[in-house]
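Have a look at this one.
Computed from the coordinates by the stated procedures, all read-outs in this text should not be read as laboratory data. Source: prediction; values computed, not measured. Don't worry about glycine lacking a Cβ; one is built from the backbone with ideal geometry, like all the others, and counts go over all protein chains shown.
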Amino acid sequence: MTNFSMSCRCMAIGLTVVSLLSGCSRQVSDTASSPEGGGTTSSEPIKQYIASVIKDNDDPRATYPMTKAQREILKRSEAAGGVSSTDYELAWSHYKQCVVDKGYSTPVLDRYPNGLYFVARINAEGMTDEQRNKFNKDDGVCFNTEVIYINDTYALQLGNPQMINDVNQAAVNCLKRENVAPKGYTKKLFEQDEKNRLQDEHTELNYSDPKVQSCLAALGITTMESDKVWRPAKTSS
C-alpha cells in the first residue's frame, strides 16, 4: 500500500504566509474587527495583505494564476476586512470540484477545532508512478488556483491577527489567547519545545491538546495527522 501525506504542502502554505509577511513593513492598527467565523483580527493589515496577494497574482509570470472565483472571494474579503467562514467553505468546495473535474474522487478533508481545513492522508494504491505524478500536478493546480490564498488569509486571522513577522512569537501569543500555554511560557521555551518535539523528548507544551494543534496549524506548523484517508483513484464499478 502506498501512502503519502500532505504535510509538506501544509508547511508550504505556512511558508507562503511567512514570506509575504516578512517581505513588507506594515503598521498594525490597534483597532480590531471580527469577520464572521474568522476570529479577532486587525482589519487594515488583513486588507493590505489581501491587496498584495491580488497584485502579486496579477503578474503574468505567476505560476498558478488564481481563478475568477478565488479572486472574487478575495475582493469581497478585502472589502470586509477578512475572509468569512461562508467564503472559506465556498473556496474549499471549489477546490474539491476542480479535483473531481480532473477525473479523481472527491477530496476528503479533515478539520482543526478552529475551523481550518486540511487534506486527509492520501492513499495512492492502484496508481502507477506516472499517475501519481499527474495527480500531484493536478491537485497542486486545483489547490493553488482555487483556495490557497483564501486559506492563508483565514489562517492569519486565526493564528496571527496582529500579523507579526516572528512566527514563534505569534505562536506563543495564540497559545496564550487560547489559554493553553503553560504558566510563564515564552518564545524561548516554545523554541525549545519545538526542538524537543522533533526529537520525541519531553515538552512543556501539551501538543495533543486540540487548541494547541489549532494555533500551530494556523501558523503552518503541522503537529496532527488525519485519521481520515483519501483515495484519489476512482474505482471501477
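Report, ordered by chain and residue number, the lysines lying within cross-link reach of residue 68, taken as a straight Cα distance under 30 Å and ignoring same-chain residues fewer than 8 apart.
Straight-line reach from residue 68, under 30 Å: 47, 55, 96, 102, 134, 137, 234.
Treating only the Cβ of Lys, Arg, Asp and Glu as charged (+1, +1, -1, -1), what charge dipole size does segment 167-218 show about its Cα centre? Round to the nearest 20 debye.
Approximately 260 debye in magnitude.
I would also like to ask the following. Among the lysines, which have Cα under 22 Å from the Cα of residue 176 when same-chain residues fewer than 8 positions away are ignored?
Candidates past the 8-residue exclusion: 187, 188, 195, 211.
To the nearest Å, what is the center-to-center distance of segment 58-126 and segment 175-237, using C-alpha atoms only?
22
A further question follows. With the Cα gyration tensor of segment 167-218 in hand, convert its eigenvalues to equivalent ellipsoid semi-axes via √(5λ) and list them largest first in whole Å.
Equivalent-ellipsoid dimensions as semi-axes: 15, 12, 10 Å.
Under a Cβ-Cβ cut-off of 12 Å, what is the net charge of the residues other than residue 150 that fall near it, where Lys and Arg count +1 and Asp and Glu count -1?
So the surrounding residues net to -3.
Further question on the same structure: Fully extended, how many nm does the chain gain between residue 89 and residue 61 (0.36 nm per residue separation, minus their Cα-Cα distance)?
Between residue 89 and residue 61, full extension yields 7.2 nm more.
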